[in-house]
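Note sheet for the following structure.
The values are calculated or read from the model by the stated rules, or taken from the named source; none is laboratory data. None of these values were measured; they are calculated from a predicted model. All Cβ positions, even for glycine, are placed from backbone atoms using ideal geometry, and neighbour counts span all protein chains on display. Accessible surface areas use protein heavy atoms only, side chains included; no ligands, DNA or RNA. Shrake-Rupley method; radii C 1.70, N 1.55, O 1.52, S 1.80 Å.
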Amino acid sequence: MAALASDARFDIAAISDKRRQIDERIKADDDRLYVIREGLKKSTALSKGMAEMLTSFENRLVALESSIRPVHDETLSLTSAQEHITSTIKIFETGLANYDVVSDVAPVLLAGPGENLKEFLRAMQRIQTALQFFAKETPKGSEVTVSLLKSQQESGLNSLEAEFRSVVSNHSKNGSQKKSIDDLLAGAWEDASADGASVATKPLMPEATIVALTTMASWLADAGRLSSFSAAYAELRSAHIVDMLQSLVVSQMYASVAGSVPGARAGTRPAAITGPSVDAGSSLAPSASVASAASITSASSASATSDSSAANAAVDSMKIRRMTAAFQHKRTSSTIGLPGKEKKSGESELTAMAYEKGTHPFLDTITVFLRQMKAERVLAQRVLPAAHFDVTFSTLCKAPLEHFITSIESIASKGKRQLGKGDCAIVFELLNILELLRGVSKELQRALEAGDRDLVIDVAISTISTLCNRGLHDFEDATKNDSSSKSKLSLDGTVHVLTRNTVAYLLKLFQYRETAEQLLRESVGQAAGSTNQLVAYMNRIVSFLTKNIEAKSDAYESHILGIIFKLNNFHYMLKTVRKSPHMAAFGPEFEATASELIHACLYDYQVSWKKAIEYILEVNRNQTKQPKAGKLSKSERSAIKDKFKGFNHEFDEVYRTQKSYTISDPELRDQLRRDNVTLIIPLYSKFLERYKDEPFSKTPEKYLKYDAATLESMLNKFFDVSS
């Protein structure tokens, strides 16, 4: 029970504490509620006051708007009216200004674009603007003004096109050709790009001129004159290039024959060529080796009709014909014949290849043509509108390319004629041209860059290649089948012209080694890296030459002279090749074979002493019975006399004949003389020593014709007709 009472007291106390806490919280909430109510009352009062203020402000704004709106509407109306008035005034001013364009631009158009291009173009722009205004506004009564403006525009465009032609023509005149050609040959318009290819860097015209042409071209193109002015540009520049190439040809002829042509001054070059064309088929037409000059008159100079121009043309034509004839005579006089071709009586045989690499005049033509076309391409790209560039530049290239190809065809035609005549020198000229053409073909095709022209150039190269191949094989066949008459052989056994020309031909061929190698490979269908065809070609020619020389030696009535002939020729072959820088290319077999041939000739030559030696050799044989001193029988005396008499006769005969023979090379001549002394003098000295004191004759001086010293002196005069 006590426990229950204790628990009851504990519960009552806890409830009392809980109630007290709740009462405290309620009181605190009442205090906060009071504060909130007071704040709400104040907020309500403030909101009410603000609403009253806003209502009052709104009423005032409504009243203000009502009073201002009429003023605003009036202001907008006045502003719109002002704008309309200003626009109308501007239209009237523009219209009046456009009506005044006719009179304003008349003096500028009359002066032309040559005076002040910028001012002229501004005047043309005013005309164009005025026409656009009248087309858009179509004011009444403007027909007369529009007609005048169109007339002025047409006249201005004509003047602009005429100025364009004039500027292009002035910079395409012949007067500047000499310097242009010299600059092109010197590479003044060339520079090296990063990939090693040469590019044109110096413009053909001054920068200000190019800018002016570009501006005029743009105007003319926009005005629909594109085809007209671009055709004029192509015609003028094309004629300039052709004239330049022809001027180069004539200047080369002029320089070549100056001094041999009456009235020509050495060291001068004609500034311009304006004479009538020279018939390419006539005997006075320029040589193909200096490029074809079938037409000396260009398209631009052909229009000259004045009396003075005609007179100058006649004088120039006469000079050109005389120079051309003299030039042809000079070039043909140095022709080198192929072996196997009989020359006319009185025509000299040359023993060296006359043509020097790099001296053919057409090489300059190739260089000038390539560099000029590259520079022309750069110029045309700057001047002409891009949309019409390809067509115009293609037209521009047509005549120069035809002239260039015609020149190559003329060279090919001359090459055929010369090969038919046996002129082997033409092969090296053709090889030189082919070498340069192949070297620049890709660059030239890029410069021209027009469809079929790649094929045209390739065909031209193929034509020259075919001729070169023909020349190479003709020379091989001619060396193999040389059948020059017996009268062609020298009387003293000197080196035959066939040997000289053949060796010189082979050595000169090395100057064009890569080109010749490529040609020979192409002729047999071999790829690069296969057998060296040039070496094989040379070995065949050397073999044919060797057989030919041996055959020719048999034509000599004197066997010894035939040996001397072979010795001279074989020694010349070996020594000449040894002295050249190309000895290694001939291979060790060549040197070994040539040396064997020379040694065989030297051995065969000793046979010429066989009979003489037989007379003096017997005394040196052990089995010969030596006579007792002072007791010679009649037969022994007779035998000794016969020995001396026989030796003297044979020696005199050999001396008489071989003294007139010729050993061209001093070293070989001295060697043969030493060999003769070595062979004869020891034997003769023993023979003489043995019998000179024997009483084999009452007149021994009749038989003791020579002592050893005299004999040696005479042996040293062999192969010297002057001694």
Apply the Karplus parameterisation 6.51 cos²θ - 1.76 cosθ + 1.60, with θ equal to phi minus 60°, to every residue of the stretch 104-111 and state each ³J(HN,Hα) to the nearest whole Hz, in sequence, with x for glycine and proline.
5, 8, 4, x, 5, 5, 5, 5
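Within the set of other residues whose C-beta is less than 11 Å from the C-beta of HIS473, count the net charge using Lys and Arg as +1 and Asp and Glu as -1.
Details: positive: ARG470, LYS480, ARG540; negative: ASP474, GLU476, ASP477.
Every neighbour counted, the sum reads 0.
Could you give the dipole magnitude of the stretch 19-172 about its Cα centre, charging the beta-carbon of Lys and Arg +1 and that of Asp and Glu -1, in debye to the nearest 20?
1000
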Return the subset of LYS90/LYS140; LYS659/LYS692; LYS631/LYS698; LYS414/LYS547; LYS566/LYS643; LYS173/LYS374 for which the Cα-Cα distance in this structure is over 23 Å, preserving the input order.
LYS659/LYS692; LYS414/LYS547; LYS566/LYS643
Anisotropy class of the stretch 19-172 from Cα gyration tensor, a/c 1.5 cut
prolate
GLU667 - accessible surface, heavy atoms, 1.4 Å probe, Å² rounded to 10:
120
If amide H atoms are modeled at 1.01 Å from N in the peptide plane, then the residues at a separation of 5 or more from ASP423, or on another chain, having amide H under 5 Å from its own are LEU338
At a probe radius of 1.4 Å, what is the per-residue accessible area of SER80, in Å² to the nearest 10?
50
Just name one of THR515, THR479, CYS468: the one whose Cα is farthest towards the positive end of the charge dipole of the stretch 468-518 (beta-carbon charges, Lys/Arg +1, Asp/Glu -1).
THR479
Report ³J(HN,Hα) in whole Hz for each residue of the stretch 396-409, in order, from the Karplus equation J = 6.51 cos²θ - 1.76 cosθ + 1.60 where θ = phi - 60°; Gly and Pro get x.
4, 6, 4, 5, x, 5, 4, 4, 5, 5, 4, 4, 5, 5
Please state the relative contact order of the stretch 19-172 as a whole percent: Cα pairs under 8 Å, 6+ residues apart?
19
³J(HN,Hα) computed for each position of the stretch 688-694 - Karplus, 6.51 cos²θ - 1.76 cosθ + 1.60, integer Hz, glycine/proline x:
5, 4, 6, 10, 5, 9, 7
Along the charge dipole of the stretch 19-172, which of ILE127, ILE26, SER147 sits closest to the positive end, that is, farthest toward it, with unit charges on the beta carbon of Lys, Arg, Asp and Glu (+1, +1, -1, -1)?
ILE26
Roughly how much of PHE393 is accessible, in Å² to the nearest 10, using a 1.4 Å probe?
10
So, with points 7 Å from each Cα along the Cβ direction, the SER16-SER441 label distance in nm works out to 13.2
Scoring only Lys, Arg, Asp and Glu (+1, +1, -1, -1) among other residues with Cβ under 10 Å from the Cβ of THR515 yields -1
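If you take the beta carbon distance between THR138 and GLU589 as r and set R0 to 60 Å, what does 1/(1 + (r/R0)^6) give as a FRET efficiency, to the nearest 0.05?
0.05
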Those aspartates and glutamates that a straight Cα-Cα span of less than 16 Å connects to LYS579, excepting residues fewer than 8 apart in one chain:
GLU591, ASP665, GLU667
If you rank GLU443, GLU24, GLU653 by how much accessible surface each has, with a 1.4 Å probe, what is the order from largest down?
GLU24, GLU653, GLU443
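Please work out how much length the chain gains when fully extended from SER685 to GLU476, using 0.36 nm per residue of separation minus the C-alpha to C-alpha distance, in nm with one decimal.
70.1 nm
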Calculated FRET value between LYS150 and THR79, using beta carbons and R₀ = 41 Å, to 0.05
0.50
Could you please put HIS84, HIS571, HIS240 in sequence from largest to smallest accessible area, using a 1.4 Å probe?
HIS84, HIS571, HIS240
